[in-house]
Structure formats: structure tokens, C-alpha cells
Amino acid sequence: GILQNSSNVGMIMAGENYPDEQRYEYLTKFGIGQPTGLNLPGESSGLLTNPSAWDLRTRNTILFGQGYTVNALQLNNVVATIANKGVKQ
């Protein structure tokens, strides 16, 4: 599969039918670009720009994890949600 083989091209092909706003919504539902709510000292919420500022490159690379930043807890939450069959706890 696309994730198993880490296929950037596959991710672009799978995501090309989603408008930028939908891509942004999915990322924010994972908690990307937002504080975790744990109020840890020095915690960064990561960086996720508004889709209105995306150029063509960002529009595509955001589909395979580039073009934004996350902290370790956000990354862990994404992986845990995927491992939990899409259920975020």
C-alpha cells in the first residue's frame, strides 16, 4: 500500500481530489498546528499555514508530511490514531 511503501507519488495521487480546505481540516483534526492541551513548558504547537497561502508545491508535499511542523506529542497522536483504526482518544 501507499503508507506501507512510503509512496509520496501515491499520496499525491490519493489526495489530489481533496480541496485544500479539506486537507487542512484533516490535519487540524489530527491536532497539527494546535497546542496539545497539556500546557507543557515551552511546548510548540507546530506550524501549519492556512491553505490560502499554499503554493502548488506545498499543496502536494503536505500530503506526505512536509510543509508543516509538529512536536513529538502531535506525531505520537497521529500514529496512535492510525494504529487505532482512525479513532482518536
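Computed from the coordinates by the stated procedures, all read-outs in this text should not be read as laboratory data. Nothing here was measured: the structure is a model prediction, and the numbers come from that model. Cβ coordinates were reconstructed from backbone atoms using ideal geometry, including for glycine residues, and neighbour counts include every protein chain displayed.
Comparing mean-square fluctuations of I32, I62, I12 from a GNM of the chain with C-alpha springs under 10 Å, the top value falls on I12. Computed over Cα pairs, the Kirkwood radius of region 43-89 leads via Stokes-Einstein (1.306 mPa s, 10 °C) to a diffusion coefficient of 133 µm² per second.
The trypsin sites (Lys or Arg not before Pro) of the chain that meet both conditions, a loop assignment by DSSP and at most 13 other Cβ atoms within 10 Å of the site Cβ, are K85, K88.
Think of each Lys and Arg Cβ as +1 and each Asp and Glu Cβ as -1; about the Cα centre, that makes the dipole of the chain roughly 200 debye.
Working from Cα pairs under 8 Å separated by at least six residues, relative contact order for the chain is 29 percent. When the alpha carbon coordinates of the chain are projected onto the principal axes, the ranges are 38, 31, 18 Å, largest first. Mean-square fluctuations from a GNM of the chain, with a 10 angstrom spring cutoff on Cα atoms, peak among L38, L48, L73 at L38. Rounded to the nearest 0.05, what FRET efficiency do L38 and T58 have when you use their Cβ-Cβ distance and R0 = 25 Å? Efficiency for this residue pair is about 0.30. Note on the chain: GNM, Cα springs under 10 Å; of G46, G67, G37, the largest mean-square fluctuation is that of G37.
Loop-resident GluC sites (Glu not before Pro) (DSSP state other than H, G, I, E or B) in the chain with no more than 16 further Cβ atoms inside 10 Å of their Cβ: E16, E43.
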